[in-house]
Each structure stands twice: as structure tokens, then as C-alpha cells.
Amino acid sequence: MSSRPDRCTAATLAELGARYARVRAGVDVGFADAGTSRHIRTAHGGVWMTVEADASAREAAASALDPKTVLALGSCGELPFEDHQFEVVLLGHAMLDGSRPRMETLVREAHRVLQGGGCLVFTVEESSDGRGWTARAVYELLRDGFDMVGLRRPAWWRFGTAGRTLTVCAARKTWRNRGMPIVGAAMPVSSAMLSPRERAKA
């Protein structure tokens with residue numbers, strides 16, 4: 001178990017601590033560190049589940065924690081829970097380094113398992129020299145199902161670019177696909193304003 005979390009994990013834990021003294025039910029995904037999961041459970045109480053994609057990390061967490069609370073992430077990013085189970089979902093930063101479809105699945109899954117008004121919290125490397133994330137890219141990833149209620153950079157971020165992070169707290173809202181079709185000659189404006197589901201009914 002690690003005694004010193006990396007800066008992305010530390011920023012996520014700080015954001016969680018700033019917003020929640022106690023959590024009724026939460027899940028941490030992909031931290032690959034049983035020490036971090038244990039810290040979360042001790043500091044915030046409530047019922048916590050841990051989900052790992054990597055088999056070795058899952059085995060290590062299961063041996064250090066209650067094995068019944070450590071589960072496997074689906075191959076495409078599916079979370080092994082029923083709908084609306086958790087108040088908080090925490091994502092390890094490695095979870096947002098995969099392919100775009102996998103990341104979108106993971107965000108949609110976080111939305112599915114969160115209760116109304118529940119929060120998704122994570123930290124990513126901020127873009128530097130074309131690598132990492134921009135605030136806009138994070139917004140684009142989350143906009144269909146979440147409102148960003150917190151976006152933090154390190155206190156020293158104005159003094160340099162190396163090692164900057166973005167810590168995001170996003171509140172669950174009703175899922176809505178914001179991708180609007182382009183209005184053409186074959187589609188009146190009234191149809192373009194409908195959601196894809198409503199257009200299918202029309």
C-alpha cells in the first residue's frame with residue numbers, strides 16, 4: 001500500500017474532503033492503491049465500494065479490504081452496480097487516459113450509478129504542450145449528464161505549466177444528448193429541436 005498518493009490522487013482526495021465530511025455511499029474507481037481506498041473509507045465513513053480494471057490491483061485491494069467490496073470494472077468501462085446507488089463516484093486519473101469511447105462509457109456509467117444530485121470527482125493532468133486535458137475538453141466529456149460545480153487548479157498554477165492539474169467536481173443532472181443536428185432542406189427547424197428519441201417517434 002502506498003503511503004504517499006500521487007498529486008492527482010491527492011488533489012481528488014482534497015476535493016472530496018472539502019465537499020463531504022461524511023459520505024453515505026460511494027465508489028472509488030481505478031486508484032490501484034488499497035491504501036487510498038482504505039483512507040477514503042476511514043475518513044468519510046459510510047458504505048464504500050472499490051472497482052479496479054487491473055486484476056493484480058483488484059487482488060491487492062481485496063486482500064487489504066473487505067473482498068466483498070472490491071469488484072471488477074467491465075472491459076468497456078461498465079460499473080457492476082444497479083442504478084442510483086451512490087452519492088459520490090471518484091475516478092482515478094488513469095481511468096481518463098484511455099480511448100474516447102471507453103471514457104464516455106465510464107462517464108455514462110458514473111451518471112447511471114449516482115443518485116440525483118450526486119457528484120463525480122476526479123483529477124487529470126492539465127494540457128501542456130499538447131498533452132493532457134483542457135477545461136473545455138473536460139466540459140465536452142461531461143456536458144451531456146453533468147454540471148461542473150467545481151474546477152480547481154493548484155494554488156501555484158499561475159507560476160508555470162509543468163505538473164498542473166485540473167480537479168473536477170461535477171453534479172449529476174438528467175442526461176441529455178446535446179449534439180444537435182444540422183438543419184438542412186430535408187429537416188424543418190421544429191424537427192431539429194426535438195431530441196433524437198422524439199424525432200424517432202415523429
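The values are calculated or read from the model by the stated rules, or taken from the named source; none is laboratory data. As the structure is a computational prediction, the values presented were derived from the model and not from experiment. Note that we place each Cβ from the backbone using ideal geometry, even for glycine, and neighbour counts take in every protein chain shown. To get the accessible areas, we keep the full protein, side chains included, count just its heavy atoms, and leave off ligands, DNA and RNA. Shrake-Rupley method; radii C 1.70, N 1.55, O 1.52, S 1.80 Å.
Could you check, for the stretch 1-17, whether at least one of its residues is closer than 30 Å to Ala155 by Cα, polar (S, T, N, Q), open to solvent by 40 Å² or more (accessible area, probe 1.4 Å) and not in a helix (DSSP H, G or I)?
Yes, the stretch 1-17 contains at least one residue that is closer than 30 Å to Ala155 by Cα, polar (S, T, N, Q), open to solvent by 40 Å² or more (accessible area, probe 1.4 Å) and not in a helix (DSSP H, G or I).
Please go through the stretch 25-55 and pick out each residue that is assigned to a loop (DSSP other than H, G, I, E, B) and either farther than 18 Å from Thr123 by Cβ or open to solvent by 30 Å² or more (accessible area, probe 1.4 Å) (or both).
If we filter the stretch 25-55 for residues that are assigned to a loop (DSSP other than H, G, I, E, B), which is where we start, we get 30-33, 45-46, 53-54.
Answer for the stretch 25-55, where residues must be assigned to a loop (DSSP other than H, G, I, E, B) and either farther than 18 Å from Thr123 by Cβ or open to solvent by 30 Å² or more (accessible area, probe 1.4 Å) (or both): Ala32, Gly45, Gly46, Ala53, Asp54.
Go through the stretch 56-110 and give me each residue that's loosely packed, with under 15 Cβ neighbours inside 10 Å, hydrophobic (A, V, I, L, M, F, W, C) and modelled with pLDDT of 95 or more.
Ala72
Scan the stretch 67-90 residue by residue and report those that are touching a residue at least 60 places away in the same chain (Cβ under 8 Å) and either out of contact with any strand residue (DSSP E or B) (no Cβ under 7 Å at 6 or more places or on another chain) or of a type outside the set (A, V, I, L, M, F, W, C) (or both).
Residues of the stretch 67-90 that are touching a residue at least 60 places away in the same chain (Cβ under 8 Å), as a first pass: 85-90.
Once the filter is applied, which keeps residues that are touching a residue at least 60 places away in the same chain (Cβ under 8 Å) and either out of contact with any strand residue (DSSP E or B) (no Cβ under 7 Å at 6 or more places or on another chain) or of a type outside the set (A, V, I, L, M, F, W, C) (or both), the stretch 67-90 yields Gln85, Glu87.
Do you know which of the residues in the stretch 111-142 that are touching a helix residue (DSSP H, G or I) at 6+ places or on another chain (Cβ under 7 Å), at pLDDT 95 or above and of a type in the set (Val, Ile, Thr) is farthest from Gly92 (Cα to Cα)?
Once the filter is applied, the top-ranked residue is Val121.
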